[in-house]
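Since the structure comes first, as structure tokens, the remarks are kept for the end.
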Amino acid sequence: MHTFHAYLCEHLDSLLRKRSVVVFYDPRSEFTPFFDRELEPLDGGPLPRVAIGTSSPFLARYEGSFFGLRAAVEPIVAADQPESLILYLPGIAKDRQGSVLMELERAGTCYEPQLRRLALNVLRQRFTDGQIDEMLRSSAVTYDDIVAFLGQGGQVASVLHTLFGGAQGEMLLTQWLASDARDETLLEKDALPELRKLIKVRLGLDLPADTSLPKARERTCRYVLVNEFRADLSCAPPKSVGMVPDPPGKEYAERIRDVAEGLRRRSPDVYPGLADSVEQELGLAGAGVEAAHLGGIDTFRFEEERLLAHAAALIAGKGYDAALAIIDARVRSFWVDRDVRRQAQWGACRQMAELGRTLEEIRSALGRVGSDPAKWLAAYVAEDGWHRADGLQRRLETWVAGMDDEPEAERALAVVRQEHEHLLRAMADGFTKAFRTSAWTIAGALHQTRIYPEVVQTMGGRVAYFLVDAMRYEMGVELARQIEGARELTVRAAIAALPSITPVGMAALLPGAAASFDVVDAKGKLAARIEGTELKESPDRMRFLKTKVPDAVEMTLGKLLSSSQAKVAKDIGTAPLVVIRSQEIDLVGEMDVDLIARQIMDSLIGNLARAVKKLAAAGIERFVITADHGHQFSIRKDDDMKTDSPGGVTLDLHRRCWIGHGGSTPAGAVRVPCAELGYRTDLDAVFPTGLGVFKAGGSLSFHHGGFSLQELVIPVISLRLAAGKPAAVPGIQVRIEGYPAAVTNRTFGLKLAAAGDLLATEPLVVRVLLMAGAEEVGRAGMAVGADLDRVTGALTLALGSEASVGMMLTNDACQSLRVVVLDSHTDSVLAESDELAVKLGI
């Protein structure tokens, strides 16, 4: 028996085994040859049995009466265990409203096959879609015609079908366009006519008979890509594509789209060469197509580049929402997905637009705050408060610093930076005015000197107390988000002691400062004084701390991170207070090397989060993290920022404050007797207003000492974390692949794959870091195939999937590094790479 008969029997047999009764409607009587000639009765009863695969159902046929048919099958279906049954209704379409056979249809299966659709499935086993379309072109094709085709019927079995491993239609054409590996065999077997026919039938392109195989590929590729591009435009196409014919119908256009998409998806290494060749041949990049008319498919490379330029132009014109709409539409683009540097350019544009939009929102709110500094503080530290602009600005500058290429949106970056500068000035002017009116106090605010008694001492039990130099409020908010698994987590704002510099702020965080704290002249040098003890430098402060808490242990953040877990546990022993000091932000900020400062600031947050977990593993459960002061950080270096220092007897001079005796008060500055700040002293402090700075040493980008919100408001993070080493993640395997042998660029790509056992169903949440020794020097900045939280760096990856991850080196002072994948919840190491040499510039 022929294959179509076998196919139909197999299908009916499956239906019978599932539901026993099949009601077979055949409105065009297409299957009557099957029932009339090919199904021989197995017995001679009124309802004969027939052989259908492994089944032997009764066959009942409609002969003019539905009621007669139902009565004929009633004895069979009424039995306690009904036997299988087919009801065949030639020339009858199903009545979907009031079928007499409805009970039988619902009890069994209603089957309404189409001859051409079933035939297609069988014919594809031997012929290409081009051949099949020719066979089925006529609407009068019958069952017997299908049988004849399968018996060859003058047709030759498909050579293409064999050469391309059974591929059909668009899949076959995609494989052929992507590779000429089979061309020699195609010519040997004289399959070019069949290929031309397939191209014409499936895509609508009629190639002349004398077209060579390479020329056929070239013309077909141009036809496919141009027509996808042309269909996606919202304007008249460039004149240069007029030589390429349009597809003859909608169905052809859809197949063309499938072939183009198949090339990008299945042959991503080949597609750029094909597309670039067509783009250059037709001069599309110079054809003047405006970005606004480009659609949602980036067929050609120039489209992605032009859209990025358009988004940048919108940002430069302060059209932030419109720019973000374009950027969101290009979250997934072939050209962006494959190139980490392009991802970095789009990422920079996104961050510019997000910062610009936030700046506009805050600017419109400034005028409604009034003259109460408490309201300014509340607006700044609210969950969606003004500090968001500081975080966005810091992340943008870190991102730009980590790019291997200069941002293409250079003008947009300049505009956003200028807008940020204007907002900082407006905020500083407005807050200073309100702060001065309230005699340099903010009602109800937590003062820095009260952090130790009101926060640290009230935690109870052993406490790790982090003193982070220059960590501003927004950084504390981000740090809190990175500490997974924390309990009783709170982030509060405190007001730093003035002037907001390290000798004052660090002393204000010590025990005893709440009851007795002054800023004094200690033999010509500025010092803080607590309970009569003058504290000039860090060793003075640590000695004083140990007079208050004799068993306290203190160490630097660097020492904590670089020590083994066993050594950390040994060093802290049973100390009731563990003080961790971090000077990294202030140290690099004062170096006047903007690039390094931006890099270190961002990586420090991740290092602090890891330090917390390391101490928890060593037995510490309670944590308080705070800062001595915040900072202003911008890119502007204009001379009009600078003002002369007051002169006189100078004890300390910073960009944002002067402390001493006498001197003059320069224009654009305000003098504040330190006694007005609550200190028992005759010292004066002079602060530049707005964003002004004194002509002093240090960075013009990074500065502190004054009383802007960014300098004055510090984070106070308190939390509890389960003590002990976190449990390993069971049943998870992570692979890192595709990373370079050496790091020669600040941005590079890699592949991350995750698999789990049968019990693991939840997505995996990880952090992908670049580690130099024990310190974080970079992290994932971009991802395709996984969700990346750009603030916390958490990457959510479905088990059994693979993601392309773009890494960004944020601290390039290291000589080597390794890629490390950490479980986001426990910090367990899930995978790490070999040690990679860092050779930037090679």
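The values are calculated or read from the model by the stated rules, or taken from the named source; none is laboratory data. If you're wondering where the values come from, they're calculated on a predicted model, not measured in any experiment. All Cβ positions, glycine included, derive from the backbone under ideal geometry; neighbour counts span all protein chains shown.
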May I ask you to verify whether Pro247 is more than 35 Å from the chain's Cα centre (by Cα), in the same structural domain as Ala191 (by TED's automatic domain parsing) and farther than 24 Å from Asp337 by Cα? yes
Determine whether segment 310-321 contains at least one residue that is at pLDDT below 95 and in contact with a Cys (Cβ under 9 Å, 6 or more places away or on another chain). no
Return a yes/no flag: does segment 47-63 have any residue that is part of a loop (DSSP other than H, G, I, E, B), touching a Pro at 6+ places or on another chain (Cβ under 7 Å) and not hydroxyl-bearing (Ser, Thr, Tyr). yes
Quick check, is Tyr465 surrounded by 15 or more Cβ atoms within 10 Å (Cβ to Cβ) and part of a helix (DSSP H, G or I)? no
Report, by residue number, each residue of segment 15-40 that is free of Cβ contacts under 8 Å to residues at least 12 places away in the same chain and not acidic (Asp, Glu). Arg37
Need the failing condition index for Asp404 against (1) among the charged types (D, E, K, R); (2) within 30 Å of Thr810 (Cα to Cα); (3) part of a helix (DSSP H, G or I), just the number. (3)
Of the numbered conditions (1) under 16 Å from Gly347 (Cβ atoms); (2) surrounded by fewer than 20 Cβ atoms within 10 Å (Cβ to Cβ), Ala292 fails exactly one; give the number of that condition. (1)
Starting from segment 359-370, take each residue that is in contact (Cβ under 8 Å) with a residue 12 or more places away in the chain and surrounded by fewer than 16 Cβ atoms within 10 Å (Cβ to Cβ) and list its partners that are of a type in the set (Ser, Thr, Tyr) and part of a loop (DSSP other than H, G, I, E, B), counting only C-beta distances under 9 angstrom and pairs at least six apart or across chains. none
For segment 786-828, the count of residues that are among the β-branched types (Val, Ile, Thr), over 19 Å from Gly773 (Cβ atoms), at pLDDT 90 or above and buried (at least 20 other Cβ atoms within 10 Å of the Cβ) equals 1
Examine segment 125-138 for a residue that is of a type in the set (Val, Ile, Thr) and at pLDDT 85 or above, and state whether such a residue exists. no
Could you look through segment 430-462, keep only residues that are in a helix (DSSP H, G or I) and among the hydroxyl-bearing types (Ser, Thr, Tyr), and pick out the one that is nearest to Ala497 (Cα to Cα)? Thr449
Among the listed residues Ser65, Ser84, Ser56, Ser99, identify the single one that is at pLDDT below 90, assigned by TED's automatic domain parsing to the domain that holds Leu16 and not basic (Lys, Arg). Ser99
Answer yes if at least one residue in segment 254-269 is surrounded by 13 or more Cβ atoms within 10 Å (Cβ to Cβ), in a loop (DSSP other than H, G, I, E, B), aliphatic (A, V, I, L, M) and touching a residue at least 12 places away in the same chain (Cβ under 8 Å), and no otherwise. no
Does segment 629-638 contain any residue that is modelled with pLDDT under 95, of a type in the set (Phe, Trp, Tyr) and over 30 Å from Lys523 (Cα atoms)? yes
Would you check if there is a residue in segment 182-195 being among the charged types (D, E, K, R), modelled with pLDDT under 90 and crowded, with 16+ Cβ neighbours inside 10 Å? yes
Looking at segment 473-501 only, could you name the residues that are among the polar types (S, T, N, Q) and surrounded by 23 or more Cβ atoms within 10 Å (Cβ to Cβ)? Ser500
Would you point out which residue out of Ala742, Ala728 is modelled with pLDDT under 90 and surrounded by fewer than 19 Cβ atoms within 10 Å (Cβ to Cβ)? Ala728
Of all residues in segment 366-393, which are modelled with pLDDT of 95 or more, in a helix (DSSP H, G or I) and either in contact with a Lys or Arg (Cβ under 7 Å, 6 or more places away or on another chain) or aliphatic (A, V, I, L, M) (or both)? Ala374, Leu377, Ala378, Ala379, Val381, Ala389, Asp390, Leu392
Counting only residues that are assigned to a helix (DSSP H, G or I), in contact (Cβ under 8 Å) with a residue 12 or more places away in the chain and either surrounded by fewer than 20 Cβ atoms within 10 Å (Cβ to Cβ) or out of contact with any helix residue (DSSP H, G or I) (no Cβ under 7 Å at 6 or more places or on another chain) (or both), how many does segment 280-289 have? 2
If a residue counts only when it is within 17 Å of Arg202 (Cβ to Cβ) and of a type in the set (A, V, I, L, M, F, W, C), which helices (runs of 4 or more DSSP H) contained entirely in segment 85-190 have at least 2 such residues? 115-123, 129-135, 159-163, 169-178
Strands (runs of 3 or more DSSP E) (entirely within segment 475-579) containing at least 2 residues that are out of contact with any strand residue (DSSP E or B) (no Cβ under 8 Å at 6 or more places or on another chain) and in the same structural domain as Arg767 (by TED's automatic domain parsing): none
So which residues in segment 478-491 are under 23 Å from the mean Cα position of the chain (by Cα) and within 15 Å of Phe466 (Cβ to Cβ), if there are any at all? Glu478, Leu479, Ala480, Gln482, Ile483
